[in-house]
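Take a look at the structure below.
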Amino acid sequence: MRRRKELTEDELRIIKKKISDEEAYEAFFKDCYLRNLRPATIEYYKNEFHGAKRIINKQLVEWVQKDVESLILQDKELMKVTTINIRLRALRAFYNFLYKSKLIDKNPMKNIKLLRDRQKTIDTLDNKEIEKLIGTIRKEKTFISF
């Protein structure tokens, strides 16, 4: 067999050490401190990781895209879209860091997009209501009407 300069995927998988959640958290939060993130931001990350891990009973570093999708589907029944997007942003920051640091092989958040939130329309006043409001203001000679 000829020598190669690179290892195959199978050989890399055998050699590569798997990290635990605790090691991944330690590396991520160390980076957060080095980037001088606010304590509230770091606490937000901790809360979101804990919540996600509680819903999907699996180590975060072992997650794949299907795990993230199932998290979204389970969260949709319990939470609003904006709350789910907040959790997805925290997970995206975590997995992007792990992937760039080469602590994981594949980024499970690579093809996951934020959920689209439907904006509610606000009813406005019609012409009659505006005229009535202006008429009320003109009749009174109080401080508030001015």
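The values are calculated or read from the model by the stated rules, or taken from the named source; none is laboratory data. This is a predicted model, so every value here is computed, not measured. No Cβ is skipped: glycine too gets one built from the backbone with ideal geometry, and neighbour counts run over all protein chains shown. These accessible areas exclude ligands, DNA and RNA; they are computed on the full protein's heavy atoms, side chains included. Shrake-Rupley method; radii C 1.70, N 1.55, O 1.52, S 1.80 Å.
Hey, can you tell me all the residues within the range 14-36 that are open to solvent by 50 Å² or more (accessible area, probe 1.4 Å) and in a loop (DSSP other than H, G, I, E, B)?
Within the range 14-36, K16, K17, K18, R35, N36 meet the criteria.
Go through the residues of the range 122-140 one by one and say whether even a single one is part of a helix (DSSP H, G or I), open to solvent by less than 50 Å² (accessible area, probe 1.4 Å), out of contact with any strand residue (DSSP E or B) (no Cβ under 7 Å at 6 or more places or on another chain) and hydroxyl-bearing (S, T, Y).
Within the range 122-140, not a single residue is part of a helix (DSSP H, G or I), open to solvent by less than 50 Å² (accessible area, probe 1.4 Å), out of contact with any strand residue (DSSP E or B) (no Cβ under 7 Å at 6 or more places or on another chain) and hydroxyl-bearing (S, T, Y).
Within the range 61-73, does at least one residue satisfy the condition of being of a type outside the set (D, E, K, R), over 14 Å from the mean Cα position of the chain (by Cα) and closer than 17 Å to E22 by Cα?
Yes.
For the range 98-114, how many residues are in contact (Cβ under 8 Å) with a residue 12 or more places away in the chain and open to solvent by 40 Å² or more (accessible area, probe 1.4 Å)?
7
Does A40 fit the bill of being part of a helix (DSSP H, G or I), of a type in the set (G, A, S) and in contact (Cβ under 8 Å) with a residue 40 or more places away in the chain?
No.
Mind checking which residues of the range 39-71 are surrounded by 15 or more Cβ atoms within 10 Å (Cβ to Cβ), of a type in the set (V, I, T) and at pLDDT 85 or above?
V68
Can you go through K100, K141 and tell me which one is farther than 22 Å from E22 by Cα and out of contact with any Lys or Arg (no Cβ under 9 Å at 6 or more places or on another chain)?
K141
K110 - would you say it is under 30 Å from D10 (Cα atoms), within 13 Å of the chain's Cα centre (by Cα) and assigned to a loop (DSSP other than H, G, I, E, B)?
Spelling it out, K110 is indeed under 30 Å from D10 (Cα atoms), within 13 Å of the chain's Cα centre (by Cα) and assigned to a loop (DSSP other than H, G, I, E, B).
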